[in-house]
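Bear in mind these aren't lab numbers, they're just calculated from the coordinates by the rules spelled out. The structure displayed is predicted, hence computed values, not measured ones. Cβ sites come from the backbone with ideal geometry, for glycine too, and all protein chains shown count toward neighbours.
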Amino acid sequence: MSLAASAQNPVIQTCYTTDPAPMVHDGTFYIYTGHDEDGADFFWMQEWRVYSSKDMVNWTDHGSPLAIEDFAWGDDRAWAPQCVERNGKFYFYVPLHSKLSGGMAIGVAVGDSPVGPFKDALGAPLFDNGSWDNIDPTVYVDDDGQAYIYWGNPEIYYAKLNEDMISFDGEVRKVEQTIEGFGAPAIKERKKGEKYKDMYTEGPWFMRRGDKYYLIYAAGGVPEHISYSMSDSPVGPWKYMGEIMPLGGTDSFTNHCGVMDFNGHSYFCYHTGKLPGGGGFGRSVAIEEFKYNPDGTFPLIRPTEE
Ligand code: FUB
């Protein structure tokens, strides 16, 4: 089936939604989001939300099936999530502030339905080492069944997940950010105070299409644009491929993307400050349909301007 789809942006207009992570399950397109509070002056976010659509035009609000209070060890900053399905269970990965370490940590909740209810799977963080780097987890289950989790700001970390999806197989590794791989010098080689236009910043989205792997991410510091790197392997080496969504036209100094095919169409999800009263701390999910170039690279994608 091929559904022509043109979402009206922002796609959710009843509250501020951020950091979209799409997932397709059983003929339905889900988006997992954060939630900026009205009048916020920082990312003091308390809950995650879920929306779904069967036609990319009409959206169902499934409310907030997961919030900070569902993690006994967390107390703030319900930042960029992603939910993936495996063996009939739905694993909801989130970054939040840890009361245990004082840094950001990665948590994972599990549910039997894509819209919850979800429960903290471990009663403890999946990863918590006291660092503020631990944000924006992205998870992909590869064709051979091996699942990977990437995350981080300003470093990029990754680990293999066991089949249970709630424990690591082996150690956490750091991705080497070379100019060839990510468009800017390694963090330790950067000159203090110098802004590198193409540097990886945060919000990775890890995926495979055909035999190519993609890391798509917010880049450039503040304000952020979206760039990407590609590899023949799920763990690199990565090749910097350039921008997907350049600066401008979003009214938000952050951007954060998720990419998904649905019913024969490809969709690029991101956020803007374009809902009335919105801005950098009042963001809203938007979606652009796009077509990959024949070689699997991305075209430039511009945000909806009006
Ligand atoms: O929404 C809070 C933070 O802003 C996310 O973790 C980042 O990716 C940026 O969008």
- Task: Place a +1 charge on the Cβ of each Lys and Arg in the chain and a -1 charge on the Cβ of each Asp and Glu, then give the dipole magnitude about the Cα centre in debye, rounded to the nearest 20.
- Result: 520 debye
- Relative contact order as a percentage, the chain, C-alpha pairs under 8 Å and 6+ apart, gives 16 percent
- Taking 0.36 nm per residue of separation and subtracting the Cα-Cα distance, what length does fully extending Lys291 through Val57 add? 82.4 nm
- Task: Could I have the simple spin-label model distance between Ser113 and Arg173, label points 7 Å from Cα toward Cβ, reported in nm to one decimal?
- Result: 3.9 nm
- Query: Under a plain spin-label model, where a point goes 7 Å from the Cα along Cα-to-Cβ, how far apart in nm are Arg209 and Glu194?
  - Reply: 3.3 nm
- Query: Given a Förster distance of 22 angstrom, what is the FRET efficiency for Asp232 paired with Asp261, based on the Cβ-Cβ distance and rounded to 0.05?
  - Reply: 0.60
- Any idea what the relative contact order of the stretch 173-306 is, in percent, if you count C-alpha pairs under 8 Å spaced at least 6 apart? 17 percent
- Hz values of 3J(HN,Hα) by residue in the stretch 279-293 - Karplus curve (6.51, -1.76, 1.60), Gly and Pro given as x: x, x, 10, x, 9, 9, 6, 10, 9, 10, 7, 8, 10, 5, 5
- Task: Please list the non-local residues whose amide H lies under 5 Å from the amide H of Ala121, H modeled 1.01 Å from N, same-chain partners needing a gap of 5 or more.
- Result: Val108, Ala109, Val110
- Query: So how do Met23, Met241 line up by other beta-carbon neighbours within 10 Å, fewest first?
  - Reply: Met241, Met23
- Length gain on complete extension for the stretch Asn129 to Asp142, per 0.36 nm per residue less the alpha carbon to alpha carbon distance? 2.0 nm
